[in-house]
Amino acid sequence: MPQEPRRNPGLLPARGVDPVLGVDPELLQHFIPGARSCGNVFPSYDQWHSEGLEFEVAGFFTGVCQGTFKQTVNGIVYLYRVAWTFDTTGALNGYRDEHAMIRSARTARAIPALTSRTSTT
Amino acid sequence: MNNQSIHHRTVIPALMIALVLGCFSLSPAAQAAGRPSIVGLWNAEFFQSTGGFLFKTHVQWHSDGLEFDINSIAPGAVCMGVFKTAADGTVHLHHVIFTFDANGVVNGSIDETQLNTVASDGNSYSGTFDEKFYDVNGNFLFEATGTLTATRITVER
């Protein structure tokens with residue numbers, strides 16, 4: 001009999017890989033405020049969508065990032081995300097991208113981005 | 001009267017069949033006509049109908065039929081949309097945007113439609129867009145059309 005898909009895991013979700021969504025329920029819940037954000041260290045709110053897309057709003061102006069991620073069978077999440085960057089006048093001056101490896105939501109706080117860079121367009 | 005009744009008995013079921021087929025011919029995010037899905041993260045570039053470059057965006061197409069776009073045109077320029085994939089593989093998007101003046105005060109909105117086709121390798125898509133600009137009272141201001149291309153952004157890059 002097929003299992004009922006697990007819904008919002010709540011504030012204290014079970015740990016481990018979700019058999020339906022294929023990602024750690026902790027990661028789908030909300031990311032830990034204070035995690036490294038768009039290449040900076042700021043409080044942030046992060047959404048992890050079941051199809052492998054990520055969206056983050058960080059606690060600074062224009063602090064929004066969009067990412068795509070995959071989770072391996074051992075639970076490690078590989079994330080790649082991008083964000084536009086602007087100068088002080090609001091003119092586009094490049095973009096920022098970041099690779100990150102996350103072992104779990106509990107340890108994400110301690111794991112910095114693998115790479116983080118700013119490039120001109 | 002009899003002719004009218006027969007006409008209604010013929011037309012109404014036909015309309016219902018067309019309606020049902022219409023509902024099933026478009027579905028969110030579905031793969032259609034053997035084409036790869038548009039679901040994912042993309043780097044898109046927009047061009048005027050005359051060919052001039054307009055702007056770039058990072059676009060997320062979600063599996064539930066929702067789309068979210070961060071535009072490079074200005075800080076905070078975000079758009080949200082809803083889309084369906086037709087049986088022929090084309091992706092139909094309806095997308096809304098608030099506009100702001102130089103002081104950051106909202107001064108209107110844009111109502112945009114897109115018609116996109118994902119390439120057979122799944123790594124790019126291209127299409128057309130039609131944007132209708134409105135003021136804060138909903139009065140139509142002007143329309144802009146053009147084309148767009150996009151390349152997929154992956155975890156592996």
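Quick one: which of A:LEU21, A:LEU11, A:LEU92 is hydrophobic (A, V, I, L, M, F, W, C), at pLDDT 85 or above and more than 18 Å from B:GLU156 (Cα to Cα)?
Numbers: A:LEU21 fails: at pLDDT 85 or above; A:LEU11 fails: at pLDDT 85 or above.
Only one candidate qualifies: A:LEU92.
Can we say B:ALA44 is within 26 Å of A:LEU92 (Cβ to Cβ), modelled with pLDDT under 95 and buried (at least 18 other Cβ atoms within 10 Å of the Cβ)?
Here the answer is no, as B:ALA44 does not meet what is asked.
Looking at B:PHE46, B:PHE83, B:PHE133, can you tell me which residue is aromatic (Phe, Trp, Tyr) and under 18 Å from A:THR68 (Cβ atoms)?
On the way: B:PHE46 fails: under 18 Å from A:THR68 (Cβ atoms); B:PHE133 fails: under 18 Å from A:THR68 (Cβ atoms).
Exactly one of B:PHE46, B:PHE83, B:PHE133 is aromatic (Phe, Trp, Tyr) and under 18 Å from A:THR68 (Cβ atoms), namely B:PHE83.
Being within 14 Å of chain A (Cβ to nearest Cβ) and outside any loop (DSSP other than H, G, I, E, B) is the filter here; which residues of region B:115-157 pass it?
Once the filter is applied, which keeps residues that are within 14 Å of chain A (Cβ to nearest Cβ) and outside any loop (DSSP other than H, G, I, E, B), region B:115-157 yields B:ALA150, B:THR151, B:ARG152, B:ILE153.
Could you please find all residues in region B:95-108 being in a strand (DSSP E or B), surrounded by fewer than 16 Cβ atoms within 10 Å (Cβ to Cβ) and in contact with a Gly (Cβ under 9 Å, 6 or more places away or on another chain)?
Of everything in region B:95-108, those that are in a strand (DSSP E or B), surrounded by fewer than 16 Cβ atoms within 10 Å (Cβ to Cβ) and in contact with a Gly (Cβ under 9 Å, 6 or more places away or on another chain) turn out to be B:VAL96, B:PHE98, B:PHE100.
Keeping to region A:55-82, report how many residues are within 9 Å of chain B (Cβ to nearest Cβ), closer than 16 Å to B:CYS79 by Cα and not polar (S, T, N, Q).
Initially, region A:55-82 is screened for residues within 9 Å of chain B (Cβ to nearest Cβ), giving A:55, A:61-62, A:64-70, A:78-82.
Remaining after also requiring closer than 16 Å to B:CYS79 by Cα: A:55, A:62, A:64-66.
Now narrow it down to the ones that are not polar (S, T, N, Q): A:55, A:64-65.
Of the residues in region A:55-82, 3 are within 9 Å of chain B (Cβ to nearest Cβ), closer than 16 Å to B:CYS79 by Cα and not polar (S, T, N, Q).
Conditions first: (1) exposed (fewer than 15 other Cβ atoms within 10 Å of the Cβ); (2) among the charged types (D, E, K, R); (3) part of a strand (DSSP E or B). B:GLU112 passes all but one, so which condition is the exception?
All conditions are met except number (1).
Residues of region B:27-41 being in a strand (DSSP E or B) and either modelled with pLDDT under 95 or of a type in the set (Ser, Thr, Tyr) (or both), which ones?
So in region B:27-41, the residues in a strand (DSSP E or B) come out as B:27, B:40-41.
Hit for region B:27-41 is B:SER27, nothing else.
Can you name the residue in region A:95-115 that is in a strand (DSSP E or B) and modelled with pLDDT of 60 or more and is also farthest from the chain's Cα centre (by Cα) among such residues? Break it down into steps so the answer makes sense when it comes.
Step one: of region A:95-115, the residues in a strand (DSSP E or B) are A:95-102, A:113-115.
This time we only want the ones that are modelled with pLDDT of 60 or more, so: A:95-102.
Values: A:TYR95: 17, A:ARG96: 14, A:ASP97: 12, A:GLU98: 10, A:HIS99: 10, A:ALA100: 8, A:MET101: 10, A:ILE102: 9 Å.
Checking each candidate, the answer is A:TYR95.
Limited to region A:25-46, what total is found for residues that are modelled with pLDDT of 70 or more and surrounded by fewer than 16 Cβ atoms within 10 Å (Cβ to Cβ)?
Of the residues in that region, 1 qualify.
Within region B:104-114, track down each residue that is small (Gly, Ala, Ser) and either under 30 Å from B:GLY34 (Cα atoms) or more than 14 Å from every other protein chain (Cβ to nearest Cβ) (or both). Step through it out loud before you land on a result.
If we filter region B:104-114 for residues that are small (Gly, Ala, Ser), which is where we start, we get B:104, B:108-109.
B:GLY108, B:SER109, listed by residue number.
Any idea how many residues of region B:105-154 are among the aliphatic types (A, V, I, L, M) and under 30 Å from B:ALA87 (Cβ atoms)? Don't jump to the end; show me each part of the working.
Taking region B:105-154 first, the residues among the aliphatic types (A, V, I, L, M) are B:105-106, B:110, B:115, B:118-119, B:136, B:141, B:144, B:148, B:150, B:153.
Filter once more, so that each one left must be under 30 Å from B:ALA87 (Cβ atoms): B:110, B:115, B:118-119, B:144, B:148, B:150, B:153.
Selection size over region B:105-154: 8.
If you go through region A:58-88, how many residues are over 18 Å from B:ARG152 (Cα atoms) and either under 10 Å from the mean Cα position of the chain (by Cα) or at pLDDT 90 or above (or both)? Let's see the steps before the verdict.
Within region A:58-88, the subset over 18 Å from B:ARG152 (Cα atoms) is A:58-64, A:71-77, A:85-88.
Subsequent filtering for residues that are either under 10 Å from the mean Cα position of the chain (by Cα) or at pLDDT 90 or above (or both) retains A:77.
Of the residues in that region, 1 qualify.
Failed condition for B:ILE73, given (1) in a strand (DSSP E or B); (2) within 14 Å of chain A (Cβ to nearest Cβ), with all others met?
All conditions are met except number (1).
The values are calculated or read from the model by the stated rules, or taken from the named source; none is laboratory data. Bear in mind the structure is a predicted one, so any value in this text is a computation, not a measurement. Quick reminder, even Gly has a Cβ in these numbers, built from the backbone with ideal geometry, and neighbours come from all protein chains shown.
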